[in-house]
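What follows is a single structure, written as structure tokens, with notes after it.
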């Protein structure tokens, strides 16, 4: 997927945008740059079609179109802010060629309007130069009215340019981002199959890294993803609701429902969440997040009591106490789920077995007295595509 983004108008001089309560040209660049950053993190190829200087308005338009047409774009997006002579216009609208009702154009309107703007719909844009002249499918987005106080209040409340960029990203996510994600896993599975899927990965990681006890990982994944059917699980391959917090990979935009200390709930609009290429990647990143999350530059680990805890009840309590979730009954919910479905069976491992006197367990180039250590090497080799057998060999005395 290749998307061209035009931050509307020049930065100064001919072609400069409207000036209202905010300056259009300044904020189209703020929105456009934030949008391009989100798209690039998602693996989308982005072409910046912004023109900062031109001698005339016509020269600016021609230069933006020429830049777009030199690329093989799937979409050309031009970011703008509206204005009206009486300063009474308000809302979001999108222009397409012949007013075509592309689903992603409709979704962009819907997502921006959900932030508190009037939805003016997808309109006929053939008369607009950048719509008429670009070869790619084109969309000109009038985010809101920069000279209307009501719109500007909604703009600020939505997080300004960042909030608008997230809404546009979410609007085009299904068409622009999801097609590039190649999922090889079977996600049409029963609850028991889901438990086994997560459990097998969690068990391997517990044996290799000893971070999160498997039963707790399974319960978290099952509850947070509704057995792999939640919006995050389906669209972002995320079985856990982990926000970015330093993540530089693909992100997904959705509202967050949080519980306040007084017990009431709030909805935080258009939050950014980690998105993955597979459920397995989500599980392993969740454990890595627990093992490495720090808010003081690495001096202390936020989830230190959880790491390596072998008691599922204590691990659940520590997660809640360390602020993993805002739910005030998070630990109770996890413990209840683990006990209801007997998930502690995933915490049971065979006892280690030392090789008899005079023997070693041999795996490829490794030689161990401990059978479990030999199995860890076997597991690491399998991840590299090397299938190995464990054999017992007598060593010379």
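The values are calculated or read from the model by the stated rules, or taken from the named source; none is laboratory data. Quick caveat, the model's predicted, so the values are computed rather than measured. Quick reminder, even Gly has a Cβ in these numbers, built from the backbone with ideal geometry, and neighbours come from all protein chains shown.
Couple of notes before you dig in:
Every residue, every condition in (1) surrounded by fewer than 23 Cβ atoms within 10 Å (Cβ to Cβ); (2) in contact with a helix residue (DSSP H, G or I) (Cβ under 7 Å, 6 or more places away or on another chain); (3) free of Cβ contacts under 8 Å to residues at least 60 places away in the same chain, yes or no:
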site	(1), (2), (3)
78	no, yes, no
84	yes, no, no
92	no, yes, yes
101	yes, no, yes
134	no, yes, no
143	no, yes, no
151	no, no, no
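- Residue 66 vs. criteria surrounded by fewer than 15 Cβ atoms within 10 Å (Cβ to Cβ) and assigned to a helix (DSSP H, G or I): yes
- Residues (part of a helix (DSSP H, G or I) and out of contact with any strand residue (DSSP E or B) (no Cβ under 7 Å at 6 or more places or on another chain)) located in the stretch 6-32: 26, 30
- Scope the stretch 294-315; condition buried (at least 18 other Cβ atoms within 10 Å of the Cβ) and in contact (Cβ under 8 Å) with a residue 24 or more places away in the chain; matching residues: 306, 309, 312, 315
- Within the stretch 316-344, being free of Cβ contacts under 8 Å to residues at least 40 places away in the same chain, within 21 Å of residue 204 (Cα to Cα) and part of a helix (DSSP H, G or I) holds for no residue.
- Residue check for residue 57: at pLDDT below 95 and out of contact with any helix residue (DSSP H, G or I) (no Cβ under 7 Å at 6 or more places or on another chain): yes
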